[in-house]
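Below: one structure, written as structure tokens.
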Amino acid sequence: MSAPTSSNGKTRRVWNYTPTLPLQLAPFWDWPLRPLASLFWLLNSWSPLAQRFFFLIVAVATWHWFAPELASAKTLSFGWIFEIWIRNLAILLIIAGGLHLALWKYRMQNDDYRYDMRPMAKGAKVFTFSNQVWDNMFWTLGPTLLFATFWEAIMWHGFANGWIQMITLDSNPVYFTFLVILVPVWAGFHFYWLHRLLHVGILYKHVHSWHHKNLNTGPWSGLAMHPLESFLLFFDTMIFFIVAAHPIHVLFLIFHHVIGAPTSHAGFEKFRIGKRVELEIGDFFHQLHHKFFDCNYGTWETPWDRWFNTFHNGTEQSDVMVKERRRKIWSARP
């Protein structure tokens, strides 16, 4: 397939930058099984420069210095819940706000590692205040921040009253470590099935379409969504009413959303610090979902996009596959 062309006949680049293509999913679900490849992939995903390692470090630091005392959480009260809200507000301002300022406003690395060259929308009535960034900030710092705080408060209240069985690293080191490894997989499982549900009929039209206004994404886009969607996004924490855990596991899961959504929607593959350090932040897998709509519903670690033939690997062949599937869907409608 030839590359797209503009009206003057010149080749038009779809992307300013892409990672190595075709994209590869985690080998956990390959058949025949590939245990060695799976181990290497897992070790690489936990490198000190990997995002999930950062989420875990922030979770540990938060538990030790910025979480409410469980004794005070035994009773629901405004004070300790407001402390959670303030802390999560600070995290969002630092992560989403910091990335937006560095990458989009002050363009500290110009367009290096930038996926889509389109700017954030201004003057577009589809966005609140007719401005994409203001819209995204409003819905992120409003309902999403509120529901992130709500579900986390439920967790602390559950631990404090013994409704959630609490374990420690000292008492259950193997299980504690295993659960840390499992949390990202659970986050991906919840995200995929919630995401597929939100793409169905009335739920898409009245709920998830709010998020898909962001055809091109920036750090504030990740958590900019309908209040019902942000309420359901953090529902995955309810697993801990069934599975024994430590508060660090809870925070680790929550930060997959609070931190992971702004970074994965940043619009850049890497964030450069100085001349030598380049942090992996972007998620081209999900960037493809925002461009093509009906592909890549899950994450790198979940197999369902491959199993249900919705995996877009970033190549032109996958472009054709997605467009042909969409054509068949529309032609089948009465």
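Please tell me if Glu269 is of a type in the set (Asp, Glu) and under 30 Å from Ile164 (Cα atoms).
Details: of a type in the set (Asp, Glu): yes; under 30 Å from Ile164 (Cα atoms): no.
For Glu269, the condition - of a type in the set (Asp, Glu) and under 30 Å from Ile164 (Cα atoms) - is not met.
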- [ ] Identify, by number, the condition in (1) farther than 16 Å from Tyr297 by Cα; (2) open to solvent by 50 Å² or more (accessible area, probe 1.4 Å); (3) not in a helix (DSSP H, G or I) that Asn216 doesn't meet.
- [x] (2)
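Test His211 against the criterion of being without any contact (Cβ under 8 Å) to a residue 60 or more places away in the chain, out of contact with any His (no Cβ under 9 Å at 6 or more places or on another chain), buried (at least 19 other Cβ atoms within 10 Å of the Cβ) and closer than 25 Å to His265 by Cβ, and give yes or no.
Values: without any contact (Cβ under 8 Å) to a residue 60 or more places away in the chain: yes; out of contact with any His (no Cβ under 9 Å at 6 or more places or on another chain): no; buried (at least 19 other Cβ atoms within 10 Å of the Cβ): yes; closer than 25 Å to His265 by Cβ: yes.
Answer is no for this residue.
Against the condition farther than 27 Å from Ala261 by Cβ, modelled with pLDDT under 95 and part of a loop (DSSP other than H, G, I, E, B), how does Ser7 come out, does it pass?
Answer is yes for this residue.
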Open item on the list: Whether any residue in the range 51-64 is under 27 Å from the mean Cα position of the chain (by Cα), more than 16 Å from Thr149 (Cα to Cα), modelled with pLDDT of 95 or more and small (Gly, Ala, Ser) is what I want to check.
Closed with: yes
- [ ] For Ala224, indicate whether it is surrounded by 23 or more Cβ atoms within 10 Å (Cβ to Cβ) and of a type outside the set (Val, Ile, Thr).
- [x] yes
- [ ] For the range 102-119, name all the residues that are touching a Gly at 6+ places or on another chain (Cβ under 8 Å), open to solvent by less than 30 Å² (accessible area, probe 1.4 Å) and assigned to a loop (DSSP other than H, G, I, E, B).
- [x] Tyr115, Asp116
Open item on the list: Looking only at residues that are over 18 Å from Leu101 (Cβ atoms) and touching a Lys or Arg at 6+ places or on another chain (Cβ under 7 Å) in the range 261-320, which one is most open to solvent (accessible area, probe 1.4 Å)?
Closed with: Glu280
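For (1) out of contact with any Gly (no Cβ under 7 Å at 6 or more places or on another chain); (2) open to solvent by less than 20 Å² (accessible area, probe 1.4 Å); (3) not in a helix (DSSP H, G or I), each residue gets a yes or a no:
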position	(1), (2), (3)
Pro143	yes, no, no
Leu146	yes, no, no
Trp151	yes, yes, no
His157	yes, no, no
Ser171	yes, no, yes
Ile181	yes, no, no
Val185	yes, no, no
Phe189	yes, no, no
Task: Residues that are open to solvent by 50 Å² or more (accessible area, probe 1.4 Å) and small (Gly, Ala, Ser), drawn from the range 15-64 - done: none
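Is there a residue being open to solvent by less than 10 Å² (accessible area, probe 1.4 Å) and among the hydrophobic types (A, V, I, L, M, F, W, C) anywhere in the range 230-237? Lay out the reasoning, then the answer.
Within the range 230-237, the subset open to solvent by less than 10 Å² (accessible area, probe 1.4 Å) is 230, 234, 236-237.
Of the ones still in play, those that are also among the hydrophobic types (A, V, I, L, M, F, W, C) are 234.
Checked the range 230-237: at least one residue is open to solvent by less than 10 Å² (accessible area, probe 1.4 Å) and among the hydrophobic types (A, V, I, L, M, F, W, C).
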- [ ] Give just the number: which of (1) of a type outside the set (A, V, I, L, M, F, W, C); (2) open to solvent by 20 Å² or more (accessible area, probe 1.4 Å); (3) at negative phi does Gly123 not satisfy?
- [x] (3)
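Does Ile86 satisfy being open to solvent by 90 Å² or more (accessible area, probe 1.4 Å), of a type in the set (Val, Ile, Thr) and assigned to a helix (DSSP H, G or I)? Quick ask: steps written out before the conclusion?
On the way: open to solvent by 90 Å² or more (accessible area, probe 1.4 Å): no; of a type in the set (Val, Ile, Thr): yes; assigned to a helix (DSSP H, G or I): yes.
No; evaluated as a whole, the condition is false for this residue.
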Open item on the list: Condition first: within 25 Å of Trp304 (Cα to Cα) and among the charged types (D, E, K, R). Now tell me which residues in the range 25-82 satisfy that.
Closed with: Asp30, Arg34, Arg52
Task: Test: residue in the range 234-257 that is modelled with pLDDT of 95 or more, farther than 29 Å from Gln165 by Cα and among the aliphatic types (A, V, I, L, M) - done: no
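The values are calculated or read from the model by the stated rules, or taken from the named source; none is laboratory data. The shown structure was predicted, so the numbers you read here are calculated from the model rather than taken from an experiment. Because the Cβ atoms are built from the backbone with ideal geometry, glycine has one as well, and the counts that use them run over all protein chains shown. Side chains are part of the model used for accessible areas, which takes the heavy atoms of the whole protein and leaves out ligands, DNA and RNA. Shrake-Rupley method; radii C 1.70, N 1.55, O 1.52, S 1.80 Å.
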